[in-house]
Amino acid sequence: MDRLLEFVEAHLEDDLSVEDLAKALDLSRFHFSRIFRTTTSQSPYQFLLERRIRRSTDLLRSSTLSIAEIATKCGFRSVPQFEEAFRRGIGVRPIRYRADLE
């Protein structure tokens with residue numbers, strides 16, 4: 001799991017897929033997904049999404065990057081996709097989250 005975490009953190013802004021994660025551990029997609037879900041009780045996709053949202057909250061707190069730049073740095077394909085994922089995960093839109101910090 002440590003190797004996977006290192007890989008994800010190093011490649012979070014890339015368009016990672018479950019296949020990419022499985023390859024990083026030299027496993028088939030099926031075997032990786034089964035082991036991952038058994039070990040973590042969540043899907044690989046949900047894990048990636050949570051890591052991306054966690055990194056975005058860190059960047060919103062500690063940087064002056066725009067929402068679009070943060071979306072890109074956290075591996076989201078578009079600002080609307082980022083805003084929706086963030087809202088579902090945190091409960092507010094990124095701009096509101098940042099404003100509430102001030």
### Query
Dividing the Cα radius of gyration by the Kirkwood radius, what Rg/Rh value follows for the range 58-102?
0.92
### Task
Give me the number: length gained by fully extending Arg96 to Tyr45, i.e. 0.36 nm times residue separation minus the C-alpha to C-alpha distance, one decimal in nm.
15.8 nm
### Query
Once phi is turned into θ = phi - 60°, what whole-Hz ³J(HN,Hα) does the Karplus curve with 6.51, -1.76 and 1.60 give for every residue of the range 81-92, x standing for Gly and Pro?
4, 4, 4, 5, 5, 5, 4, 5, x, 9, x, 9
### Message
Assuming 0.36 nm per residue, please report the length gained on full extension of the stretch Leu5 to Glu69 beyond their Cα-Cα distance.
### Response
20.8 nm
### Task
Loop only per DSSP, at most 14 neighbouring Cβ atoms within 10 Å: give me the GluC sites (Glu not before Pro) in the range 4-46, ordered by residue number.
Glu13
### Query
Which values of log₁₀ I(q)/I(0), to two decimal places, follow from the Debye formula for the range 2-101 at q = 0.13 Å⁻¹ with a uniform point scatterer at every Cα?
-0.47
### Separation in nanometres of the label points that stand 7 Å from Cα toward Cβ, at Phe30 and Arg87
3.9
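No lab work stands behind these numbers, since they all come straight from the coordinates. Note that the structure is a prediction, hence the values are computed from the model and not measured. Positions of Cβ are backbone-derived with ideal geometry, glycine not excepted, and every protein chain shown enters the neighbour counts.
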